[in-house]
1. Look through the range 160-180, keep the residues that are free of Cβ contacts under 8 Å to residues at least 40 places away in the same chain and part of a loop (DSSP other than H, G, I, E, B), and return whichever of them is nearest to residue 296 (Cα to Cα).
2. Going through the range 110-150 one residue at a time, which ones are touching a strand residue (DSSP E or B) at 6+ places or on another chain (Cβ under 7 Å) and either modelled with pLDDT under 95 or among the acidic types (Asp, Glu) (or both)?
3. Considering only residues that are assigned to a helix (DSSP H, G or I) and of a type in the set (Asp, Glu), look in the range 135-159 and name the one that is surrounded by the fewest Cβ atoms within 10 Å (Cβ to Cβ).
4. Would you call residue 28 surrounded by 13 or more Cβ atoms within 10 Å (Cβ to Cβ), in contact with a Lys or Arg (Cβ under 9 Å, 6 or more places away or on another chain), in a loop (DSSP other than H, G, I, E, B) and in the same structural domain as residue 71 (by TED's automatic domain parsing)?
5. Given the residues 178, 185, which is the only one that is touching a strand residue (DSSP E or B) at 6+ places or on another chain (Cβ under 6 Å) and in the same structural domain as residue 233 (by TED's automatic domain parsing)?
6. Condition first: among the hydrophobic types (A, V, I, L, M, F, W, C), within 11 Å of residue 89 (Cβ to Cβ) and in a loop (DSSP other than H, G, I, E, B). Now tell me which residues in the range 1-16 satisfy that.
7. Can you pull out every residue in the range 31-58 that is at negative phi, within 25 Å of the chain's Cα centre (by Cα) and in a loop (DSSP other than H, G, I, E, B)?
Amino acid sequence: MSDLVFRPIEAGELDLFHSYATPPTSGVGARSLPFEKLGYRHDRLWVALRGDEVVARAGFWGPPDHAHPFSLDLFDPGAGPDGIEAGAALLRAAYAALVTPDYSSPSGDRPDYHLFLPADWRERPDALADAEARIAAAERAGLRRRVERLNLRWTPEDGLPPRSTRLTFTPADDDAVILDLLARILVGSLDDWDRRTLQEKGPQETAREALEELLDFPGGRGRWRFAHDASGELVGMVMPTRNSFSATIGYIGVDPAHRGHRYADDLAAEALHIFSAEGEPQVSDNTDVGNAPMAASFARLGYRVVGRRMILA
């Protein structure tokens, strides 16, 4: 690796970044938006150069005005017998430069790696090989597999599920009630982020951070709803919103005292009715592979698995 140079590209060098000769054709790493719309800053796009040849590359993403990148979500290690080590060396150099003593992001103490995968990546030899090369290089650079997530999509063509007849919905406009309910929902959550943050910070602080993150979404809070059963008791809430690219259910949860009745179906259906009334062409959501009940709920409502995402940190 002594003949390699690792550096971010300079302004005007996007052609150099795109000159990488062997991007995967298996769908591994593919995004739904073109590169130009993903908002990378040139100083967060790194290359491993052997002379003028790009043998590995990495793209770190974060809001353009934020001091630090939040995630690594484009990574192509080199081809050939030393390709995995070239990719690992590139990541080590990039992380050493980007993770400064004052680094901060919602992901933790360094950017996590989001590896976008086809839904059937384990069943296809080409996709499996491309994924395993990236995982191996990331692990050699010190990252570890944390969670795999299902990327899900609903469109009107998938069929609008019936609206709930057993729950009533009211605007979720009281932050004190939201925080109290969130703190209860988080206990026993199967979501990786919830569980890790809960263990580190406890339910109240985790609930506060979750609410602050949702308030930062560009979709606002006008669609958020509390759900009440026939007796008027609060059983859960759903927080439909928009991210930078699509309509999405920002958060959905059922009070532990009311679990076991498939209320998640009613909550998600309400969100889909809200989005449908607004004419949204699609709703994009995700859930951890380990959260089988939520994955099953999405499936019952007509969502399709359109990809997967492995997160290494």
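The values are calculated or read from the model by the stated rules, or taken from the named source; none is laboratory data. This is a predicted model, so every value here is computed, not measured. Neighbour counts are summed over all protein chains in view; Cβ atoms, including those assigned to glycine, are modelled from backbone coordinates with ideal geometry.
1. 165
2. Of everything in the range 110-150, those that are touching a strand residue (DSSP E or B) at 6+ places or on another chain (Cβ under 7 Å) and either modelled with pLDDT under 95 or among the acidic types (Asp, Glu) (or both) turn out to be 112, 148.
3. Only one residue fits best here, namely 157.
4. Here the answer is yes, as residue 28 does meet what is asked.
5. Details: 178 fails: touching a strand residue (DSSP E or B) at 6+ places or on another chain (Cβ under 6 Å).
Just a single option satisfies the conditions, and that option is 185.
6. 1, 4
7. 31, 32, 33, 34, 38, 40, 41
Residues checked against (1) surrounded by 17 or more Cβ atoms within 10 Å (Cβ to Cβ); (2) more than 21 Å from residue 274 (Cα to Cα):
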residue	(1), (2)
182	yes, yes
222	no, no
226	yes, no
233	no, yes
241	yes, no
